[in-house]
Amino acid sequence: MHQRERDERTLKGRQALIAALAAHPCADADERAACASMQVFVAEYADCFRRELGVGHVTGSAWVVDPSRRRVLLTHHRKLGLWLQLGGHADGEEDVSLVAMREAREESGLERIRLLDDAIFDVDVHEIPARAAEPGHLHYDVRFLLEADARESLRPTEESHALAWVDIDRVTELSVDRSVLRMARKSLRPPR
């Protein structure tokens, strides 16, 4: 693909993400602030999908529920030491739902995962602390709702200490992250 074609594809991806963020029904003031901040960031930085952008970059996450919608798959993140949703860097991919799907598969070993909705499930902007040769930066995280069979075998990667299916109403026992708790609350609501 030529540079001009890549630039056009990235521009279309940025425009699509900005439109999706504008249409997203935010659940609280934190999510509204994250959504507004992300729209500005994506509009300002042509390379927002690339991790090489030092100030921050777009990431994609997966809130993976079982078919009953009563359990969620969480990872105990090795670097951060927290129970979180699966997710990671876009690495140039403009379709963030594809990023969420890729990361969910890579980080869990699950083969049969499906996207439940093309619409954004949740939005968060969070700081990643500086480490070794990497300065502190922001992750502009777009989350999608996915479904997987909890009976399928899990294969943790080096990125996590553990993977676990957790009853959604017990997520508070493992995580204090406000955005994780917000996604758990959203999961307990009836589907729209």
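Would it be correct to say that LEU154 is touching a residue at least 24 places away in the same chain (Cβ under 8 Å), surrounded by 14 or more Cβ atoms within 10 Å (Cβ to Cβ) and outside any loop (DSSP other than H, G, I, E, B)? Break it down stepwise before answering.
Values: touching a residue at least 24 places away in the same chain (Cβ under 8 Å): yes; surrounded by 14 or more Cβ atoms within 10 Å (Cβ to Cβ): yes; outside any loop (DSSP other than H, G, I, E, B): no.
For LEU154, the condition - touching a residue at least 24 places away in the same chain (Cβ under 8 Å), surrounded by 14 or more Cβ atoms within 10 Å (Cβ to Cβ) and outside any loop (DSSP other than H, G, I, E, B) - is not met.
Go through the residues of the stretch 162-175 one by one and say whether even a single one is of a type in the set (Lys, Arg) and not in a strand (DSSP E or B). Checking the stretch 162-175: at least one residue is of a type in the set (Lys, Arg) and not in a strand (DSSP E or B). Could you tell me which of the residues LEU74, LEU138, LEU145, LEU80 is among the hydrophobic types (A, V, I, L, M, F, W, C), outside any strand (DSSP E or B) and either surrounded by fewer than 17 Cβ atoms within 10 Å (Cβ to Cβ) or at pLDDT 90 or above (or both)? Result: LEU80 is the single residue among LEU74, LEU138, LEU145, LEU80 that is among the hydrophobic types (A, V, I, L, M, F, W, C), outside any strand (DSSP E or B) and either surrounded by fewer than 17 Cβ atoms within 10 Å (Cβ to Cβ) or at pLDDT 90 or above (or both). Within the stretch 20-33, none of the residues are in contact (Cβ under 8 Å) with a residue 60 or more places away in the chain and under 16 Å from ILE128 (Cα atoms).
Checking SER68 against (1) touching a residue at least 24 places away in the same chain (Cβ under 8 Å); (2) of a type in the set (S, T, N, Q); (3) over 19 Å from ALA162 (Cβ atoms), which test does it fail? For SER68, the exception is condition (1). Please specify each residue of the stretch 157-186 satisfying the condition of being among the small types (Gly, Ala, Ser) and under 15 Å from the mean Cα position of the chain (by Cα). Result: SER179, ALA184.
Within the stretch 105-129, track down each residue that is assigned to a helix (DSSP H, G or I) and over 22 Å from ARG178 (Cβ atoms). Give the steps one after another, and end with the answer.
Quick first cut of the stretch 105-129, residues assigned to a helix (DSSP H, G or I) only: 105-108.
Hits for the stretch 105-129 are ARG105, GLU106, SER108.
Candidates in the stretch 148-165 are the residues that are under 16 Å from ARG71 (Cβ atoms) and touching a helix residue (DSSP H, G or I) at 6+ places or on another chain (Cβ under 8 Å); of these, the one that is modelled with the highest pLDDT is ALA148. Of all residues in the stretch 118-140, those that are closer than 25 Å to LEU21 by Cβ have Cβ atoms under 9 Å from Cβ atoms of residues that are among the small types (Gly, Ala, Ser) and loosely packed, with under 13 Cβ neighbours inside 10 Å, 6 or more apart or on another chain, in ALA119/ALA23; ILE120/ALA23; GLU127/GLY136; ILE128/GLY136; GLY136/ALA130; HIS137/GLY54; HIS137/ALA130. In summary, GLY13 fulfils each of the numbered conditions (1) touching a strand residue (DSSP E or B) at 6+ places or on another chain (Cβ under 6 Å); (2) at pLDDT below 95; (3) among the small types (Gly, Ala, Ser) with the single exception of condition (1). Among the residues of the stretch 19-36, those identified as surrounded by 15 or more Cβ atoms within 10 Å (Cβ to Cβ) and assigned to a helix (DSSP H, G or I) are ALA20, LEU21, ASP30, GLU31, ALA34, CYS35, ALA36.
The set of residues in the stretch 166-192 that are polar (S, T, N, Q) and farther than 19 Å from PRO67 by Cβ comprises THR172, SER175, SER179.
Just a yes or no: is a residue in the stretch 161-168 touching a Pro at 6+ places or on another chain (Cβ under 8 Å), small (Gly, Ala, Ser) and farther than 30 Å from GLU8 by Cβ? If you could, list the steps in order and put the result at the bottom.
Start the filter on the stretch 161-168 by keeping residues that are touching a Pro at 6+ places or on another chain (Cβ under 8 Å), which leaves 162-163.
This time we only want the ones that are small (Gly, Ala, Ser), so: 162.
Filter once more, keeping what is farther than 30 Å from GLU8 by Cβ: 162.
There is at least one residue in the stretch 161-168 that is touching a Pro at 6+ places or on another chain (Cβ under 8 Å), small (Gly, Ala, Ser) and farther than 30 Å from GLU8 by Cβ.
The values are calculated or read from the model by the stated rules, or taken from the named source; none is laboratory data. Model, not experiment: these values are computed from the prediction. Ideal geometry is used to build each Cβ from the backbone, glycine not excepted, and the neighbour counts take in all protein chains shown.
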